[in-house]
1. Computed over the Cα atoms, what is the radius of gyration of the stretch 75-120 divided by 2.2 N^0.38 Å, N being its residue count?
2. Take the alpha carbon gyration tensor of the stretch 52-138, find the square roots of its eigenvalues, order them as a ≥ b ≥ c, and report rounded if a/c is under 1.5; if not, report prolate when a/b exceeds b/c, else oblate.
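Taken together, the values in this text are just the output of simple stated rules run on the coordinates, not laboratory data. Please read all numbers here as calculations on a predicted model, not as lab measurements.
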Amino acid sequence: MSLQSRPIALLRRYSLALELAGTATGLLLVWYFTDISAGGLGGAAIGITAATVWPHVRRRYGINRGWGKLPLGLALIGLGAYALAFTGGNDALKVAFLVVGAWLALDGVYDLQSGAGRTDPGAPDAMDRFGDASIVGQSLDERPKSVPELDESLDLSRSRIEDALDTLLNLDVIERDGERYTSRLDDRSLTDTLRTERRRARERIDGLPQRILRPFRLFT
C-alpha cells in the first residue's frame, strides 16, 4: 500500500470505533450540559448506538435494508399514536410521526418483497467507494498501472479496485490505454467532472417524486 493511501485505509478500517467514540462523547456532553434523566439518556443511547452499528452489520452480513426501515417505521407509528392519544402539544408533529413512520414501514416492506434493499455481504458504502476511488486515483497519479499492478500495490480487493476504476472512468478523470489506466486530471477534465456531478445531482432531484411514491407500488 502506498503511503498516500494508508491514512484513508486506516480511517475506514476503524470507522465503527471512531463513530461509537463520537456517539459516546456526544451523549456525555448532553448529560453534562442538560438535566436529562439517566433513563431518558439510556434509552437515547441504545437507539443512537443501534443506528450507528446497523449499517456496518448490514454491509458485513448482507442484510436487506428493509429490516432496518420496517421496525423504525413501526416505532414512529407507535410513537405518533401514543402522542396523539395521551399527550398534549403540537398535533401536526404527531401526525408527521405517523405519516413518516407509515412511509418508512411501507418502504421497508417494498425492499423486502422486491429485493430492492438487497445488500451483498462485504459491499462498500458510499464513503468506502469514495475512498477507494481516491486511493486508486492517487496511485495512478504516480504512473499508469494495470489492474494486476494496482492489486499488488494497494490494500484493496480486486473487485473494489475495478469498481473504483469504473467510478474514475465515469468521472472522466482517467483513461484506459491498453491494459493500463492513466490519470488525465487537467483543468478541462476537472470541469467535465464537476459538470457531470451537477447533472447527476439534478437527476437525483428530478427523481425524488418517483422515489417518494415507490413504496405505494405494493398496492398496484
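1. 1.45
2. Working: a/c = 3.41, a/b = 2.23, b/c = 1.53.
Judged from the Cα gyration tensor, the stretch 52-138 comes out prolate (a/c at least 1.5, a/b above b/c).
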